Every structure is written in structure tokens, then in C-alpha cells.
Amino acid sequence: MLFPTATFAFFFLLVLPLSWFLMSRPSRWRPFMIGASYVFYGWWDWRFVFLLVGCTLWNQVLAVRIWQTPVTSRRKALLVLALAGNLGVLGYFKYYDFFVTSSDSLASLVGADLPLEVKSIVLPVGISFFTFMAISYVVDAYRGTFQPTSLEKFAVYLAFFPHLVAGPIVRPSELVPQLDRPRDPRRVDTSRAFYLIATGLFKKVVIANYLAAGIVDDVFGAPGEHSSLEILIAVYAYAVQIYADFSGYTDIAIGIALLLGFAFPQNFDSPYAAGSLQDFWRRWHMTLSRWLRDYLYVPLGGNRGRRLFTYRNLLLTMLIGGLWHGAAWTFVVWGGIHGVGLAAERWWRERPGFVRRPPTTWTTWRNRLLTFHVVCLAWIFFRADSFDTAWQLLGGLFTGWSEPSPLVTSGILLAIAVGIGSQYLPSRVPRLVMARFSRLPVLGQATVLAFALTLVNAMGPEGVAPFIYFQF
């Protein structure tokens, strides 16, 4: 079920008033929200609801056993069992075919033939997100930082429909305590919620869909048929498209959660204004960045020990993060570019004789431009459907500058400028807009929101493409 559709609007118009009505009675609200979330998830394919239920039961039972078991070796064995179950399910649905094709290609190089067959397994929507949330639940129980809650509350935590299919990745400590707090519909921050939903819809329906249909899909689909200028602008357009698409989704998700009385963590903070790759990952998909840091980078050793080990840990973290995004070697290369870049930045800062000087306007913008273009280079591999396509795109940047570029229109350039330029607005601007919106009477707020939704619908292309991160 997609957020910007009539189906979801009808679903939410039923769920929201019932949720508000049951807010003061948690024992009734929780089963209602579990049921509503399962309907939301099962709308795409009801069979995968059983997968979500199984994941819930598996992790709840083992998290409770881990918490109650005093013997360290047994707790560790239970943790390994829990992780094996989660990663096994994720590996089967997401990586089985990738493993088979990669193994077959490797075996063919030495003249061997493996008795493995591709199964064309359907990937359940959101499996990467709710699997990571389940892993954080059992790991936190093992570390003793979060006591497992009841099965009912854990089911709400894992299946809560605003974050279910594409995040943000919410930690148990960030959401479960909110289930016990008294909530009053009269205290819901509707002005911020409506602002987030409206801006999220604009990013997705207008900016992301327009850039995809106007230049990105055509150029990445057949790079050999386009000029160097079209390829360059398509790369910039994809950088804006994926930002607008994913940040738009999370804005809508955070806004919907707010209307239901819950606060989600922020997931984006002007990533294309970053002055380094480290800064970029503090601003891009922030909940995933923190998850990779706390549940992968730190357990690998983090920055403890020798420098080479730190560089290795950074590279491994980003390679695995790349593979999490998709079962293809192009995603691994995307992660590798970021991993090598992060390690290089750390080496540069730690080299003998390095002195950190106050940034000037020149160095600030130089670092921003360099970071943005490294990120765009990595996006080529992220978006390309194969290495052949990626090489064609990279080669085409140097060989076709004299060819015509009909896809580079003023509308495309304006959408790119809006997508990037909006990230340089002072943070007080959206706060000021929300403050003024909140002071309007209810009728005034409804009028502004209706006008915004009408404008989004009029400016957006016909039909709404699925969010990019639904495939992950």
C-alpha cells in the first residue's frame, strides 16, 4: 500500500479516528494497531504477513530467554541462534538467487558446474527494515541495555505501519516506551505532521517522479543513446531523485506517526550540504548510519586498535551496508566507494603533521563540491542495473559533448536546483513556516493543506511510482 494513493488515504481515514478514540485505552489500542498494520502490510501480498508474525514470535521468545539467562555462554548461544534466524530469512529471500548466480559464475571460471538453480524468489517488501529492527531488539537484550517488553508491545514495535516497509529504522528504546505513555489526541502536533506530509508528498510526487520520468530512467536505461551533458545531468538528477524519494517517504512516515501520537527519529539532515563523507553519513539515512555504527562497526572493533584495523572496519561496514541495499555487485561497489572514501578521509586527518585550520568560504565550498561529486560517482553504480551500464555512463561523460541534449530542459534543471538548493536553507525557515501554520485556525490549516495537496496532484506526473527503498 503506497502512501500517496487513494487506497492509503481511505485506509488512514478509517485508522486515524479509531486510533485517537482508543488512545486512552492501550489494552485495546495495541491489538487494533497490530491488526491495522497487518492489513497495511498484507495489502501487497497477504502471505507475507505470516513471515512478519513468525519474525515477531522468533525474536520475542529468544530476546526474553537471553534476558533471563544468567550464564554468558548460553546467552551468547541464544544470540547467535536469534541472529542466524533473522539473517537466514533475509539471506534466503534477498540473497539466495544472488548467491547462486555469483557461485555459478565463479565456478564456470574454473570449469566446474554447481547443481544450484535460480528460484526467482519474490522479495517481501520491507524485510531489510523490520529484520534490522528485530536484530536491534535481541542485541539490546543481550547487551542488557533494553529489557524485552511484552509480545503485544513488541508486535506493535515491529509492525507499526508508518515505518514498516521503508523505515526509518526505529530502536526499541525509541518507540516501545512511547507505547506506555498516555496520549491525548488534543496534544497531537498536527501542524508539524501536516507540514511533513505535504513536503514529503511534494518531494516524492513532484520532484522525484518528475526527474525519474523526465531524464533519469531514459539515460540509465540506454546510456549509449545520450550525450555527455544528458548523462551528467541525469547523474545529478538521480542524486536529487533518490534524496527526494526517500526523504519524502520518511517525512510522510514521521508525519503519519505524529498524527497517531508517536515521535520517530529524524532520518535526513541536508545531506548534500555535507563537507565530507563522514559528514554525509551523519546526515543521510541517519537511522541506518547509526545502526551500522552500533551493531556492525563497533562490534568489528570500531576505531579501537591500529589504524589499519580502523580502515578495515570502515570498509567492511560500508561493503556490508552496500550489500544490504541490494543483492548485486554494483551495490557492493557503491558501498566500497564510500568505505574507501571514509578510510581515506580518516587517514588524511590522522597523517603526521596534519593541523586542523578554521574553514574558509573557499575550503567549505570546495569540500562540499568534492563530497557531492564522490557521492554522485557512487550513485552511478547504485542506480545502474549492471556494470556494463555503469561503464557506459562513465565513458559517456567524456565522449559525447558535441551531441544534442533534448532531455536537458529548464524544468529538469529547475527541479535539480530546488532539490539541492533547499538543503542550504537556514534551519529556521521550516520552523518559521510551521510556527505560522500552527497559528492558523483549523479551517485555515485545512484550506492550506487542501491547496498544497491539489498543487502536488496537479504538478506531479500521472500515476505514482513505488518508493525506491521499497525494493530494499
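Structure values in brief
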quantity: Residue identified as in a loop (DSSP other than H, G, I, E, B) and crowded, with 17+ Cβ neighbours inside 10 Å among 275, 321, 335, 305; calculated: 275
quantity: Candidates 70, 4, 17, filtered to the one that is modelled with pLDDT under 95 and in contact with a helix residue (DSSP H, G or I) (Cβ under 6 Å, 6 or more places away or on another chain); calculated: 4
quantity: Within region 82-170, helices (runs of 4 or more DSSP H) holding 3 or more residues that are aromatic (Phe, Trp, Tyr); calculated: 96-109, 127-143
quantity: Conditions (1) closer than 25 Å to residue 445 by Cβ; (2) assigned by TED's automatic domain parsing to the domain that holds residue 290; (3) not acidic (Asp, Glu): number failed by residue 162; calculated: (2)
quantity: Selected residue [at negative phi, of a type in the set (Ser, Thr, Tyr) and touching a helix residue (DSSP H, G or I) at 6+ places or on another chain (Cβ under 7 Å)] from 422, 427, 405; calculated: 405
quantity: Test result for residue 421, in contact (Cβ under 8 Å) with a residue 12 or more places away in the chain and within 30 Å of residue 197 (Cα to Cα); calculated: no
quantity: Residue in region 107-122 that is buried (at least 16 other Cβ atoms within 10 Å of the Cβ) and in contact (Cβ under 8 Å) with a residue 24 or more places away in the chain present; calculated: no
quantity: The one condition in (1) more than 15 Å from residue 376 (Cβ to Cβ); (2) assigned to a helix (DSSP H, G or I) that residue 265 fails to fulfil; calculated: (2)
quantity: Matching helices (runs of 4 or more DSSP H) fully within region 1-70 where at least 3 residues are in contact (Cβ under 8 Å) with a residue 40 or more places away in the chain and touching a Phe, Trp or Tyr at 6+ places or on another chain (Cβ under 8 Å); calculated: 26-42, 48-68
quantity: Region 287-312, residues that are among the hydrophobic types (A, V, I, L, M, F, W, C) and free of Cβ contacts under 8 Å to residues at least 60 places away in the same chain; calculated: 292, 296, 298, 300, 308, 309
quantity: Unique residue being surrounded by fewer than 18 Cβ atoms within 10 Å (Cβ to Cβ) and either touching a residue at least 24 places away in the same chain (Cβ under 8 Å) or among the polar types (S, T, N, Q) (or both) when the list is 140, 184, 217; calculated: 184
quantity: Subset of region 100-120 that is β-branched (Val, Ile, Thr) and out of contact with any Asp or Glu (no Cβ under 9 Å at 6 or more places or on another chain) - its residue that is modelled with the lowest pLDDT; calculated: 110
quantity: Residue check, residue 248 of a type outside the set (D, E, K, R), outside the structural domain of residue 103 (by TED's automatic domain parsing) and in contact with a Lys or Arg (Cβ under 7 Å, 6 or more places away or on another chain); calculated: yes
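The values are calculated or read from the model by the stated rules, or taken from the named source; none is laboratory data. Everything quoted here is computed from the prediction, not taken from an experiment. Backbone-built Cβ (ideal geometry, glycine too); neighbour counts: all protein chains shown.
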